[in-house]
């Protein structure tokens, strides 16, 4: 997967991870980019009722960004092994399916006229 995925990819991943966390009865952290702390790739700020995970997107491999987002769910919920390990594995499996999902088929366009 390429570096510098778009902010739309980040938003899609945040929604997917948040939805899955809530489905499991966990706290879904909020996500933002970039972190407010200069020079860090990831930070977590606890807020009333949850947490906000800030992740650096620019210049990083997408899988590193996803890893930080997944770890944010684990840390926000203060999970310990083996629950933390199980959740990480299951979220990676979920996101692997999302990352590897096929692109939608191209839309049908009207046939082009032949120009002489």
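The values are calculated or read from the model by the stated rules, or taken from the named source; none is laboratory data. Just so it is clear, the model here is predicted, and its values are computed rather than measured. In this analysis, Cβ positions are derived from the backbone assuming ideal geometry, glycine residues included, and neighbour counts consider all displayed protein chains.
I'm checking my understanding of the structure. Among residues of region 10-36 that are part of a loop (DSSP other than H, G, I, E, B) and exposed (fewer than 12 other Cβ atoms within 10 Å of the Cβ), which one is modelled with the lowest pLDDT? If we take residues in region 10-36 being part of a loop (DSSP other than H, G, I, E, B) and exposed (fewer than 12 other Cβ atoms within 10 Å of the Cβ), then 36 is modelled with the lowest pLDDT.
In region 57-88, which residues are out of contact with any strand residue (DSSP E or B) (no Cβ under 7 Å at 6 or more places or on another chain) and part of a loop (DSSP other than H, G, I, E, B)? Hits for region 57-88 are 57, 58, 77, 78, 79, 80, 81, 82. Does residue 34 fit the bill of being touching a residue at least 12 places away in the same chain (Cβ under 8 Å) and more than 12 Å from residue 69 (Cα to Cα)? For residue 34, the condition - touching a residue at least 12 places away in the same chain (Cβ under 8 Å) and more than 12 Å from residue 69 (Cα to Cα) - is met.
Restrict the check to region 49-57 and report whether at least one residue is more than 14 Å from the chain's Cα centre (by Cα), surrounded by fewer than 16 Cβ atoms within 10 Å (Cβ to Cβ) and modelled with pLDDT of 95 or more. No - not one qualifying residue is present in region 49-57.
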